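Participant: The structure's right below; bear with me while I get my questions together.
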Amino acid sequence: IHRRQTALRLRYIQVGGYPHALPRLVLDVDHTGWVDSLEDLRPSLVVVNPQSHHAHVWYEFADPFPPEPSQRSLGLLADLSARLEAYHGADPSYGGLMGRNPLRVPVGYAIDGPPWDPVRLAEALRLRVPRVPEASLRASAYGRNVALFDALRRWAYGQVEGARRSMDEASWRGVVLREALSLNERLFRDHPKGPLPANEVRWTAKSVAKWTWRRYRGGRIYLTPSTGNPDRSRLSRALREAIPPLSPEAQEEGRRRGGATRGRAQTQAAEERVLEALRRLQLRGEPITATTLAREAGVSRQKAHKWLKRMRGEG
């Protein structure tokens, strides 16, 4: 990282990968076909290599994308980058981080044009590149972001309810970031562009963690039968490591609550069986005694007697 006056004298400067926003998409075009796009789909800037006449082609956005991605914005970016790479025949392995400095090329080798609205640019591209192979979409500049976002949110859906019972939002963000970094390495180890930069992973993790913690209510909690507490074996490794084990006192309290819950459930199930048995006896016209009710409901005669006594007392 250099001071501005030093950086602007260098041949290559950073053109993407900023932590605060996404102002443009930059392509590396290793042939002279970019000339054909100057009128048809005019780039915002073309920086030409004076020796080879290859170019870095910029599409500047009128309104930069915010740093925290949404599923919709990531999908639009992946679609734009894949179609632009197909349209220009750009190098799919170019990461878009460093580009040729437009201030360090001879006069006439930096050709400028208008900024673009992303939606209008996508519409124009769909007319010129109607279909993009799924493999090209995944390998595009933002195909990795979409894949990471989708994998991370699906993981978070199954973990956030358990996390709410054991930690605060700040701790949850740390757990999601660790999972995102792990996914980044596993998913993109063999990707043409390699894993995503750490700052892009952090923004994706922050977005997923905040949305799931504050808005997602679809998760299911699996409880341990003996304690009534969340089943740690069903949590991710990152979440298990972040949640401290229960103290002996908390385990005993969980067992007590779990036993009370099971007892209420068993009592309710027995009463439902007795009611069904009572209806069947009435339909058949049989006498309703403790013995016939116990046989029909599959409960002990003592329980059937208590139930009949309570019902007649309430009646």
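Participant: Could you please report the charge total around His54, scoring K, R as +1 and D, E as -1 over all other residues with beta-carbon less than 13 angstrom from its beta-carbon?
Facilitator: Local charge sum for His54: -2.
Participant: Arranged from highest to lowest average of other beta-carbon atoms within 10 Å per residue, in what order do the peptides 90-98, 124-132 appear?
Facilitator: The most tightly packed comes first, giving 90-98, 124-132.
Participant: Long-range amide H contacts for Met98: which residues qualify at under 5 Å (H placed 1.01 Å from N, peptide plane, sequence gap of 5 or more or a different chain)?
Facilitator: Val15
Participant: Then there's this: Note down the net charge around Pro106, summing +1 for each Lys or Arg and -1 for each Asp or Glu among other residues with Cβ under 13 Å from its Cβ.
Facilitator: Here the charged neighbours net out to +3.
Participant: For region 8-113, what does the accessible surface come to per residue with a 1.4 Å probe? Please give it in Å².
Facilitator: 48
Participant: Ranked highest first by the average count of other Cβ atoms within 10 Å around their residues, in what order do 35-43, 174-182 fall?
Facilitator: Ranked by mean Cβ neighbours within 10 Å, highest first: 174-182, 35-43.
Participant: Under a cut-off of 29 Å between alpha-carbon atoms, report the lysines in cross-link reach of Lys193, not counting same-chain residues fewer than 8 places apart.
Facilitator: Lys206, Lys210
Participant: Now, a different point. Compute the distance from the alpha-carbon center of region 145-160 to that of region 16-52, in whole Å.
Facilitator: 32
Participant: Rank by packing, highest mean first: peptides 147-153, 57-63, 286-292, with packing defined as the count of other Cβ atoms within 10 Å averaged across residues.
Facilitator: Ranked by mean Cβ neighbours within 10 Å, highest first: 147-153, 57-63, 286-292.
The values are calculated or read from the model by the stated rules, or taken from the named source; none is laboratory data. Only a predicted model underlies this, so the values are computations on that prediction, with no experimental measurement involved. Positions of Cβ are backbone-derived with ideal geometry, glycine not excepted, and every protein chain shown enters the neighbour counts. Only protein heavy atoms, including side chains, enter the accessible area calculation; ligands, DNA and RNA are left aside. Shrake-Rupley method; radii C 1.70, N 1.55, O 1.52, S 1.80 Å.
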